[in-house]
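Have a look at the structure below, then the notes.
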Amino acid sequence: MSRIYKDQESIDALKVRDFFNGRARKEGNAVNAVMLQSEGSTIAVDRDIHEKTHLLPRLERPSKILELGCGAGRLARFYNDGGNRYLGFDFSEELIARAEADIGNDSNIQFQAVEVPRIAVEDFRLQPPFDVVLITGLFMYLNDEAVHDSFEMIAKVAAPNAAIYVRESLSELDVRLTLKEHFSEELDEVYNAIYRTTTELTEVMTDTLVEAGFEFEVCGEYAFPLALRNRAETAQRYFTLRRG
């Protein structure tokens with residue numbers, strides 16, 4: 001199978017993990033390892049700069065931060081000041097190993113190699129509630145049930161006045177696009193991902209986060225300027241929500 005339009009197909013989570021373990025081993029730049037672009041492209045780095053400059057939540061006081069799908073920890077260092085405490089989850093043991101090696105011995109930053117959302121709250125190395133929850137480019141690698149359960153988990157571990165930031169690659173078509181066992185010439189690897197529509201992801205957040213008292217501040221706007229959008233069928237969009 002390869003490109004599947006509209007139908008709700010599942011992807012193999014273990015193959016997604018193995019893909020990113022391989023990326024972690026062979027990609028020298030930690031940003032490029034997770035923000036996938038062709039060799040020689042600067043788009044991933046430029047997007048990283050734009051996101052940190054214009055999109056990510058700014059903190060006015062010391063906060064507890066949870067990141068789902070933290071990759072090699074590119075946002076851990078960004079928030080590592082002002083008394084913040086951070087916990088990052090990722091399914092890829094190799095990416096977590098890179099994150100830990102990069103950060104070193106810092107008691108304010110913790111990483112765990114876990115499959116979101118299959119982790120019990122009591123096993124979190126930093127216990128909730130969390131003031132900020134970050135999710136960037138994760139849900140495209142989760143099947144529908146796991147996406148719903150992840151948002152349910154977020155609602156439970158978020159503080160009463162929490163902020164949530166979601167940035168996700170979504171379908172620009174009227175229907176979802178699933179890449180299942182698809183060989184990407186650009187990446188020179190077999191790739192699996194589910195690009196939901198903006199409406200689909202918004203509906204899941206409405207059924208979980210909004211039901212738990214969150215309100216949208218930004219809902220599905222383009223995350224990056226046109227010069228940093230290079231796909232015909234998908235685009236990065238972002239959402240911010242706040243409760244309290």
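Any read-out appearing in this document is the output of simple, stated calculations on the displayed coordinates, not a laboratory observation. Computed from a prediction, not measured in an experiment: that's the story for all the values here. Here Cβ is always computed from backbone atoms with ideal geometry, including for glycine, and neighbour counts include all displayed protein chains.
Please list, ordered by chain and number, the residues whose modelled amide H lies under 5 Å from the amide H of E67; skip anything fewer than 5 residues away on the same chain.
Close amide H contacts, sequence-distant or interchain: L87, G88, F89, L134.
Could you tell me the relative contact order of the chain? Use alpha-carbon pairs under 8 Å, at least six residues apart, and round to a whole percent.
Taking the mean separation of contacting Cα pairs over the length of the chain, I get 22 percent.
Principal axes first, then extents: for the Cα atoms of the range 56-200, list largest minus smallest coordinate on each axis, whole Å, largest first.
43, 33, 28
Using only the Cα atoms of the range 151-192, what are the Rg and Dmax in Å?
Over the range 151-192's Cα set, Rg and Dmax evaluate to 16.4, 46 Å.
Could you name the lysines in cross-link range of K15, using Cα to Cα under 26 Å and dropping any fewer than eight places away on the same chain?
Leaving aside lysines fewer than 8 places away in the same chain, those within reach of K15 are K6, K26, K180.
Rounded to the nearest 20 debye, what is the charge dipole size of the range 131-196 about its Cα centre when +1 sits on each Lys and Arg Cβ and -1 on each Asp and Glu Cβ?
With Lys and Arg at +1 and Asp and Glu at -1, about 320 debye.
If the cut-off is a Cα-Cα distance under 20 Å, which lysines reach K156, setting aside same-chain residues fewer than 8 apart in sequence?
K64
Could you tell me whether the range 145-244 comes out rounded, prolate or oblate from its Cα gyration tensor? Rule is a ≥ b ≥ c as square roots of the eigenvalues, rounded for a/c under 1.5, then prolate if a/b exceeds b/c, otherwise oblate.
prolate
Based on C-alpha coordinates, I'd like the Rg and Dmax of the range 87-159, in Å.
12.5, 36
Using Cα-Cα distances under 8 Å and only pairs 6 or more residues apart, what relative contact order does the range 166-244 have, in percent?
Rounded, it is 38 percent for the range 166-244.
So for the chain, what are the equivalent ellipsoid semi-axes in whole Å, largest first, each being the square root of 5 times an eigenvalue of the Cα gyration tensor?
Whole-Å semi-axes of the equivalent ellipsoid: 25, 21, 18.
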